[in-house]
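The values are calculated or read from the model by the stated rules, or taken from the named source; none is laboratory data. Since the structure is predicted, the reported quantities are computational estimates derived from the model, not experimental observations. Don't worry about glycine lacking a Cβ; one is built from the backbone with ideal geometry, like all the others, and counts go over all protein chains shown. Each accessible area value is taken on the protein alone, full model and side chains, heavy atoms only, with ligands, DNA and RNA left out. Shrake-Rupley method; radii C 1.70, N 1.55, O 1.52, S 1.80 Å.
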Amino acid sequence: MSHHGASQSPGLQHAAYNNNPGRPLSSHQHARTPAAPSPAGYQQAGSFSGQSNPGAQDGQNGAAAQQQYGGDPNASYFPTQGSDASAGLVGQMGGLAISGDSYAPQKAHKKKQRHAYHDLGQPSAPSQPPPGIAQGYGSSQGQFLNAGQLQPQAPGSPYMGQSSAQPMAHMSTADRLRSGEEMVATQGRVDPEQIPSIPRSRDAAAQYYLTQVYPTMERHLPPPAAIPFIAHDQGNSSPKFARLTLNKLPSTSESLASTALPLGMVLQPLAPLQEGEQPIPVLDFGDAGPPRCRRCRTYINPFMTFRSGGNKLVCNMCNFPNDVAPEYFAPTDPSGVRVDRHQRPELMLGTCEFLVPKEYWAREPVGLRWLFLIDVSQVSLQQKFVESVCEGIRHALYDDESEETSFVQNGTEPPAGRLSAGSKVGIVTYDKEVHFYNLSASLDQAQMMVMTDLDEPFVPLSEGLFVDPQESKPIISSLLNQLPTLFSAARAPEPALLPTLNAALAALASTGGKVLCALSTLPTGGPGRLIVRDDSKGRDPDDEKKLLTTDHPGFKKTASSMVSAGVGVDFFLAATGGQYMDIATIGHISALTGGEVFLYPNFYAPRDHVKLANEIRHAATRDTGYQALMKVRCSNGLQVSSYHGNFLQHTFGADLEIGTIDADKAMAVVFSYDGKLDTKLDAHFQAALLYTTASGQRRVRCINIVAGVMEGAMESMRTVDQDAVVSIIAKEASSKLAERSLKDIRAGITEKTIDILAGYRKNFSGSHPPGQLVLPENLKEFSMYMLGLIKSRAFKAGGEPTDRRVHSSRLLRSAGATETALYLYPRIFAIHNLSPSDCFPSSDTSQLVLPPTLRASFSRVEEGGAYLVDNGQGVILWLHSQVSPNLLEDLFGPGKTSLQELDPWLSELPVLETHLNAQVRNLMAYLSTVRGSKAATIQMARQGLDGSEFEFARLLVEDRNNEAQSYVDWLVHVHRAIQLELAGQREKSAGDGDGGAEGILSNLTGLKAPYWN
Ligand SMILES: [Zn+2]
């Protein structure tokens, strides 16, 4: 792809970003300086300085060259901070719990008395920000473009004509500091600059957590989910594994109701850790297994207490005093703390794993068996889908870290491109028949066995189906090379999917395992064949509802049988030519078994090859367990009222059964009250995941979360976790897809937004002029996320292929908080405005210096600009029609001076020796580490040339698009509804489907964003 293959310096790619193994985050560190003096990392990577490459810039002229990119030289670099913006900043800082009043210190003191031994002494990082931090935030804020310097795209830019917008009605700065609330005047016109900004809040937090750890007991408000951070487990689990919507609970359900907030937890049990975080300890209690409460079966955890000199273990959930088994006994010191506590991770850490003895086994655990099912039917061959799939499998099995050094390794995953030790792999191909392969290392080449009777699935070989991928490397490699041509003569048009899945189930029935199934077309062959249910014609809501679910008996039966056998399925669906795939039916298998659907709408190999191959590798190498059972326990007074996610639950109250579970999967647990909580006690939660690891160990992972209990809900409002609330509402909405119309679901999201903000205004806010929309400190960006949810493919009004709806909805149901946040509001970088030190490691923190992100609005787009837009599903590179030829050459190589000369199917940047090229590749590497399951590959969107411009416009969620309002109009609407609520005049529309909110949203139907000509 690169024209510089011969001259590139091998050490350059990502090396600058990765050459810092140690990641000091010590307490004496202060916020780094705003900008490193020079891109030292780049130069130290031995790049271009001494070389005479005609395409390479001289490093010292880099800055000058950069300034040519922007249309207006004054706009090229970030201006100094605007005077007005600093007032808004104060409010933003409150949201990060760094203003003085966020947590009342006297409460913390009370907690210490209750759990004396949880005073862990000096934390590893200061719990108060160092003196310089406010400065740091200020400079981050200052990097934002000022409105005055924006160059709105001339015709019809959404905010044109609003340049005279009124400034925000300010309270005194002191009042804002105290309250932490955000006030937005909504009676006149709203200044889009002044409404709460997701990018600003993310950037400020990201900046802060570059040098600070998150101590899980001292802080009660986790960092935003969309940013990287290092958590220090102090007994409470890291927010990466569990986020509570409220980190201090009201004592009664009435108090909770006054907030209108859900009480719930987002659980991502196998969430990836990042470099610098301690791996989860694995503890072995031998045949006895981990100590548990005899009455409620809660596992040992840091919140259980010891009495009677260490002879009694008091359960933190049910208060039952258990006898301590002799082998687990240790005396307590005079303060009641076990003397060996510091040597006992299970008494110190919120997240632990226990090896478990035989009674926890359903069968002898073995290393995970991976079965790849490869579609070799006509379309798959024609579209070169099969080649991409084979490439992905080869990547997964045999690539070491080679060219992908960019991935930051976490403590639990094997090196990129390697399955866990102990794993075995098998390969099956299918068209109208199913073909198994004997991959035994003793053979010269793979032997194919054909299963011709599709009605009676059986496995035609007993040995050699599952092999060690290293031992059989020559055979597997050779088969993967041959597959694209092996079937070129057969070209069967109609793949038989269900019989293939049943054959896979038969092959895995005795062990469990993970299936990765690639499919290129609607499977119209064999028993269980699917038909085109969605003819894309107009339909009434009831018909649409049917298309969003499945009642296919064969697929439903196979899905439940797979869960029982401990099998989970990921699909890689090509959807060539944009055709209908019946994802509702096929994806049901993944949704029930704990799997995932990777979708390539309009699969086109030259563009999608890299993404598909990378995602297959990711799916096969991420932390994965199987044959899992999950249970969430909580303190007396609370109970689980619902679960949402990918699993099977036979009856309410039963454990969740999960075929396979991986690092990217999350679920929601919603709690209700069955009594009044005691404010003298904390509320406890424990999620226990019993599973078999990919290496074949049966374990329980315990995730423990504690929350204080308060009279009333004022403290609860101060500890709201916005990302948890957003995730819970998104998952709940997704699970309603089968029962309610889309219109009702949208109305429900709107009403929930209004209920929560009106509840705050009514019960918790200070006194404010009636014309102000008052947003709670920690829910300032909540309404924008809810608008993003209404605009998501899952729930948006107007036409949308049912495949895309179902896929989007299931994504929301199973994604973790990070992926959800990015999906609802993308991160956008202006790469024509990078300063020279951006996207290289800072000399102070040795962390990548990140450029600021921009609001998702076309009003932020500059003439001649180049933007990366990442919603966690893929990265769009949008290029303005008048982008500088210098920028294009620096990014894409010599001779690439106009949009027309660029490859529209490009998915990865070439490796060049220019500063900008290295910056953007570093940025892409960063994006690939902070996201969910999808590969960070590029999709080109050249203004006026590429159809993907529509997707770019769709992602600008602050604008009027996706059949819904702009962010400004949405806030005005929400505010009006709050005022009606306060005046007792609001008419709720949820449920009747004909409410005002939906009316306003649908009035905008058909309005198109006028971005391109
Ligand atoms: Zn108990």
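What the phi angles of region 935-951 give under the Karplus curve with 6.51, -1.76 and 1.60, with θ = phi - 60°, is a coupling list of 5, 8, 10, 8, 10, 6, 9, 8, 4, x, 10, 10, x, 5, 4, 5, 5 Hz, glycine and proline written as x. For Tyr437, the residues 5 or more places off, or on other chains, whose built amide H falls under 5 Å of its own are Ile427, Met449.
Distance check, please: which entries in Lys312/Lys665; Lys611/Lys743; Lys680/Lys762; Lys432/Lys556; Lys424/Lys545 exceed 29 angstrom between their Cα atoms? Listed pairs above 29 Å: Lys312/Lys665; Lys611/Lys743; Lys424/Lys545. Fully extending the segment from Gln482 to Gln382, taken as 0.36 nm per residue of separation minus the present Cα-Cα distance, adds 34.5 nm. Binning at 5 Å from 0, report for region 299-360 what percent of all alpha-carbon pair distances ends up in each bin. Distribution as computed: 4, 17, 27, 27, 18, 5, 2, 0 percent.
Dimensions of region 555-611 from C-alpha coordinates, computed as largest minus smallest value along each principal axis and given longest first, are 39, 22, 11 Å.
Between Gln639 and Lys537, what FRET efficiency follows from the Cβ-Cβ distance if R0 is 56 Å, with the result rounded to 0.05? FRET efficiency, Gln639 to Lys537: 0.80.
Residues Ser835, Ser442, Ser388, sorted by accessible area with the largest first, give Ser442, Ser835, Ser388 [1.4 Å probe; ligands and nucleic acids excluded].
Each residue was assigned an accessible area with a 1.4 Å probe, and for Lys537 the value is about 130 Å². Using a probe of 1.4 Å on the protein chains alone, the accessible area found for Ser767 is around 110 Å². Projecting label points 7 angstrom from Cα along Cα→Cβ for Gln470 and Thr549 puts them 4.8 nm apart. Region 242-283 and region 930-954 have Cα centres lying 33 Å from one another. The residues neighbouring Gly512, those whose beta-carbon lies less than 13 Å from its own, together hold a net charge of +3 under the Lys/Arg +1, Asp/Glu -1 convention. Pairs over the 26 Å Cα-Cα cut-off, from the set Lys248/Lys780; Lys514/Lys537; Lys384/Lys896: Lys514/Lys537; Lys384/Lys896.
Taking every alpha-carbon pair within region 702-830, the share separated by more than 22 Å comes to 44 percent. Our summary of shape: the Cα atoms of region 826-956 have principal axis extents of 42, 31, 27 Å, ordered from largest down, in whole angstrom. By a 1.4 Å probe calculation restricted to protein chains, Val640 has an accessible surface near 30 Å², given to the nearest 10.
Annotation: amide H-H contacts under 5 Å for Trp370 (H modelled 1.01 Å from N, sequence separation of 5 or more, or interchain): Lys424, Val425, Gly426, Lys514. Restricting to bridges with both residues inside region 200-332, how much of the DSSP beta-bridge set is antiparallel, in percent to the nearest 5? If we restrict to bridges inside region 200-332, about 75 percent are antiparallel. Between Asp844 and Met714, the distance separating the two model label sites (each 7 Å from Cα on the Cα→Cβ line) works out to 3.8 nm. Here the simple spin-label model places points 7 Å from the Cα toward Cβ, and for Cys318 and Lys358 these points are separated by 2.7 nm. Computed on region 327-404, the Cα convex hull volume stands at 213 Å³ per residue.
For Ser440 and Leu980, the difference between the fully extended length at 0.36 nm per residue and the C-alpha to C-alpha distance is 187.2 nm. Restricting the calculation to Cα atoms, every distinct pair contributes to the Kirkwood radius of region 487-597, found to be 14.7 Å. Electrostatic bookkeeping for Ile978 treats Lys and Arg as +1 and Asp and Glu as -1; over the other residues with beta carbon under 12 Å from its beta carbon, the sum is +1.
Note on region 617-665: Kirkwood radius taken over Cα pairs, Stokes-Einstein applied at 20 °C and 1.002 mPa s, translational D equal to 172 µm² s⁻¹.
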